[in-house]
Number of protein chains: 2
Amino acid sequence: MNKPLILVVNDDGITAPGIRTLIQLMKELGEVVVVAPDKAQSGMGHAVTINSTLRFHKLDMGAGCEEYSCTGTPVDCVKFAVGKILKRKPDLCVSGINHGSNASINVIYSGTMSAAVEGAIEGIPSIGFSLCDYSISADFNPLKKFAKKIAENVLKNGLPNGVCLNVNFPAVAEEELKGIKICRQAKAMWTEQFDERKDPGGKTYFWLTGKFINQDKGEDTDLWALENNYVSIVPVQFDITAHTSIAAVSKWNFDLIPHAV
Amino acid sequence: MNKPLILVVNDDGITAPGIRTLIQLMKELGEVVVVAPDKAQSGMGHAVTINSTLRFHKLDMGAGCEEYSCTGTPVDCVKFAVGKILKRKPDLCVSGINHGSNASINVIYSGTMSAAVEGAIEGIPSIGFSLCDYSISADFNPLKKFAKKIAENVLKNGLPNGVCLNVNFPAVAEEELKGIKICRQAKAMWTEQFDERKDPGGKTYFWLTGKFINQDKGEDTDLWALENNYVSIVPVQFDITAHTSIAAVSKWNFDLIPHAV
């Protein structure tokens, strides 16, 4: 039997310690091909490059697998891997390990998770991994056993159509990790703040910053799991229809419009 | 009673005919403030600018309302409007009118819709409008009555928490428009193609292109509505948890991990 083919992508760039860790873990499970941005792409959401050109370079990073850097976004990397590099559809697409949380509303802004969602759109079982530590020197050792076990489960069980996994690890020592919780995305948001400065020419510019507000006290959420030293797994879908709202909106009055339904 | 406060954003840039049309329509309904990118930002998804600086400029575009251009993404525009410009939370946030379809899976890649989703995250009733015509000279006249009526309904009825609307208009004459359908997001995807070229120095570069494939024959979808000359409205949510998959994933075997749940 052939080894599983595993596509590894990320949004922190191909040299980030998080993806180097993930590559080593996935090499224990299958044949690995890496396609990752040539620079950090955090906060890129589901951006794709349609108004400018893309370049890809084959690299040898000494990891013993095929690797490519890409001038585009995490989603571009998945598209290029599927469209140009891989000879067959991979058995698994893993994204990360992100330096920083993608729990709760962060999933929406995350390049890491958008790459996993793009994998799901392509029909590939896909997982985004994130460690709740933004540091470049974050310690990925405690999560290794968990990440590998989760990937093994996806290889074995597959995932429902249109669904990928958003996995977040609390930044704690291995002996403090209590286990795994399957969760829903907590209701939370960033209240933005704009750090206003003057450039050397005296003109105003801003840095977007913000404060994270958790509005959700549920114990079935990813934020609760992480605060209580569990690994959180949220199944995520790309059908973003608010199905339960279709009936309410259907009752609206559009009757001044000819032929309205 | 005060007039409703309406925030207008887009992803095609502040000078695009689509947003100029939307500004005129919204001025009939309330006090309008415009915050829009200074250049086209199509395909930016839910990108936010966190690794570089932002600038905003107050402009007079002759529309008789407050307008600002922004160097960032559509989502940055919403955040800046809420965080720095508007004195109170707006009663409505409208995004568009996009030059091109945001129906089906396009909602995921769309800067127009990400701005509307960001509005919903901020607790503002929000609508993204798109015309299924990519041309800069697209005819927005046929949709005016419909867009205004939909905005009036949102101002009157509000929207459920966490939900915004994805409204798409078919590119047909007004007399061919059959009415409005409340729909779900059709299952469809882009199969990517990479147009490979050589630069003047002989190095390879690519343009991402693609072919749109509709895998969904349902008559309750946005694609069906648009193909049959209806305006499609899909209620969209930012909770992307695949709630129905939580039970299945919870049955997986993580038992080699100490303390696993």
### Task
Mind scanning A:Lys178/B:Lys251; A:Lys58/A:Lys87; A:Lys87/B:Lys211; A:Lys149/A:Lys211; A:Lys27/A:Lys145 and naming the pairs with a C-alpha gap bigger than 25 Å?
A:Lys149/A:Lys211
### Query
Shielding of B:185-197 by partners, i.e. mean partner chain Cβ atoms within 10 Å per residue?
4
### Query
In whole Hz, what ³J(HN,Hα) sequence does segment A:205-214 give by Karplus (6.51, -1.76, 1.60; θ = phi - 60°), x for Gly and Pro?
9, 9, 10, 6, 10, x, 10, 8, 10, 8
### Task
Above 13 angstrom, tally the Cα pairs of segment A:98-156 and express them as a % of all pairs, no decimals.
65
### Summary
the protein assembly as shown: antiparallel bridges as % of DSSP beta bridges, rounded to 5, reads 45
### Query
Averaged over peptide B:202-213, how many Cβ atoms belonging to another chain are found within 10 Å of each residue's Cβ?
4
### Per-residue Cβ neighbour rank within 10 angstrom, fewest leading, A:Phe129, B:Phe194, B:Phe80, A:Phe212
A:Phe212, B:Phe194, B:Phe80, A:Phe129
### Query
Average projected area of the Cα convex hull of chain B, in nm²?
19.7
### All Cα pairs of segment A:44-127, percent lying beyond 16 Å
55
#### Entry: chain A - share of DSSP beta bridges that are antiparallel (%, nearest 5)
45
### Task
Assign one of three labels to the protein assembly as shown, namely rounded, prolate or oblate, based on the Cα gyration tensor with a ≥ b ≥ c the square roots of its eigenvalues; rounded applies when a/c is under 1.5, prolate when it is not and a/b is larger than b/c, and oblate otherwise.
prolate
### Task
State the antiparallel share, in %, of DSSP beta bridges confined to segment B:33-153, rounding to the nearest 5.
30
### Query
How large is ³J(HN,Hα), in whole Hz, for each residue of segment B:76-90 in order, when computed from phi with the Karplus curve 6.51 cos²θ - 1.76 cosθ + 1.60 and θ = phi - 60°, using x for Gly and Pro?
4, 4, 5, 4, 5, 4, 5, x, 10, 9, 6, 7, 9, 5, x
### Message
Quick check: from the Cα gyration tensor, does segment B:53-183 come out rounded (a/c under 1.5), prolate or oblate?
### Response
prolate
### Query
Taking H as built 1.01 Å from N, whose amide H comes closer than 5 Å to the amide H of A:Gly72, not counting residues under 5 places away?
A:Asp38, A:Arg55
### Query
How much space per residue, in cubic angstrom, does the convex hull of the C-alpha atoms of segment A:164-261 take up?
228
### Query
Short version: ³J(HN,Hα) in whole Hz for each residue of segment A:43-51, in order, from phi by Karplus 6.51 cos²θ - 1.76 cosθ + 1.60 (θ = phi - 60°), x for Gly and Pro, what are they?
x, 7, x, 8, 5, 10, 9, 10, 10
### Task
Find the centroid of the Cα atoms in segment A:153-172 and in segment A:20-92, then give the distance between the two in whole Å.
19
## Note on the structure
The relative contact order of segment A:4-148, taking Cα pairs under 8 Å that sit 6 or more residues apart, comes to a percentage of 29
### Message
Could you work out the relative contact order of chain A? I mean the mean sequence separation of Cα pairs under 8 Å and 6+ apart, divided by the number of residues, in percent.
### Response
17
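Values in this text are rule-based calculations from the coordinates and carry no lab data. Computed from a prediction, not measured in an experiment: that's the story for all the values here. Cβ sites come from the backbone with ideal geometry, for glycine too, and all protein chains shown count toward neighbours.
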